[in-house]
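Here is the structure we will look at, set down as structure tokens.
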Amino acid sequence: MAASPQPDAGLRVSLEVEIPSDVAYIERVVDLVRHSCSELSFNSHQLALNVPVALSEALSNAILRGNQEDPEKRVRVCAKVDARRLVLEIADEGVRFDIDANTRDATDPDNLEREDGRGLFLMRALMDQVERFDTGPGTTQGNVVRLTLTRA
């Protein structure tokens, strides 16, 4: 059995991307982040499931729910990857929300047939930590969702 490559403990990758509020950009952003994680030898399961699903859900929420697909609004993604973890910050320009109040248990019988409300649940199931912050003091709009995944 071949040994997997050892990640360079000193190597860090930072990536910043800004996209319009258009779901057509989601796949490209996911590919950029997944490639960065791959370069640091992240677990193939995390690259195939955790990263793309959680990031796609976060981007989708920012575009569809946060920015309401307003073409004048942007979504910003900041990814920091090192040998130990991936930290993603997805920022929108939408109305602030309470992350706990908006997370539905998708396994609850009342929610089984719903077609919405699974994004935050999936992010929390696939990432080690999911947090929401305001984009800045003195404003009434803007959310930053931070997703943290520790390398398996």
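The values are calculated or read from the model by the stated rules, or taken from the named source; none is laboratory data. These numbers come from a predicted model, not from an experiment. Every residue, glycine as well, gets a Cβ built from its backbone with ideal geometry; the counts of neighbours run over all protein chains shown.
So here's what we get for this one:
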read-out	value
Residue within region 31-43 that is surrounded by fewer than 19 Cβ atoms within 10 Å (Cβ to Cβ) and at positive phi present	yes
Flag for residue 19 being in a helix (DSSP H, G or I) and without any contact (Cβ under 8 Å) to a residue 60 or more places away in the chain	no
Subset of region 109-152 that is assigned to a loop (DSSP other than H, G, I, E, B) and touching a Gly at 6+ places or on another chain (Cβ under 7 Å) - its residue that is modelled with the highest pLDDT	135
Of the criteria (1) out of contact with any Ser or Thr (no Cβ under 7 Å at 6 or more places or on another chain); (2) modelled with pLDDT of 90 or more, which one residue 75 fails	(1)
Count - residues of region 41-52 that are without any contact (Cβ under 8 Å) to a residue 60 or more places away in the chain and either of a type in the set (A, V, I, L, M, F, W, C) or over 15 Å from residue 146 (Cα atoms) (or both)	4
Tabulated pairs, region 53-76, first touching a residue at least 12 places away in the same chain (Cβ under 8 Å), second part of a helix (DSSP H, G or I) and small (Gly, Ala, Ser), C-beta under 7 angstrom, 6+ apart or interchain	57/119; 60/119; 61/119; 75/62
Of all residues in region 78-96 being of a type in the set (A, V, I, L, M, F, W, C) and either in contact with a Ser or Thr (Cβ under 6 Å, 6 or more places away or on another chain) or modelled with pLDDT of 95 or more (or both), the one that is farthest from residue 143 (Cα to Cα)	81
